[in-house]
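What follows is a set of notes on a single structure, which appears directly below.
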């Protein structure tokens, strides 16, 4: 707990720009390749986004037909990006984004299944917040790199979530005594990441 407090304080003290997740060093992508690379990179270098996506895939493994929740998440992020690009404001988006990371981490930690329809709806809604944040890196870009960026972040989210889903399914299938603590520990780590970003959101 003490280590977490120290880390959270240090991270919260960083300039807000340190969490902007710009894969192109802060510049707008100008070509198809740059747009694609930026889209592929944003959810990975953004620790809050990566933690959320991995935890979502991990938790979906507990739900029958859970793989179908992944497209719901991706569609939600595309809607969120479209809202940002269209000029719509989402007050408190960063705060809500951090809460979504805490929530999904908690769900993984307690390992209680949820109805797929409810979970898919929740992932789509929270995905809007993440997609809204993704669009900050592409706002003002030309059509070609913009579309490539959207394709890129959709593909990487699919890969991360599906990978986490399959890994957790394999863990569940082992029925080993250590599998449950590993899952719960991962959920706790994700929740801690969300808490750090919540502190950053409040402090900024």
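Going by the structure shown, is residue 62 within 24 Å of residue 189 (Cα to Cα), touching a residue at least 60 places away in the same chain (Cβ under 8 Å) and not in a helix (DSSP H, G or I)? Criteria met by residue 62. Filtering region 102-122 for residues that are within 29 Å of residue 34 (Cβ to Cβ) and touching a residue at least 60 places away in the same chain (Cβ under 8 Å) leaves an empty set.
A short reminder: the numbers here are calculations on the coordinates, not readings from a lab. What you see is a predicted model; the values in this text were computed from it and never measured. Because the Cβ atoms are built from the backbone with ideal geometry, glycine has one as well, and the counts that use them run over all protein chains shown.
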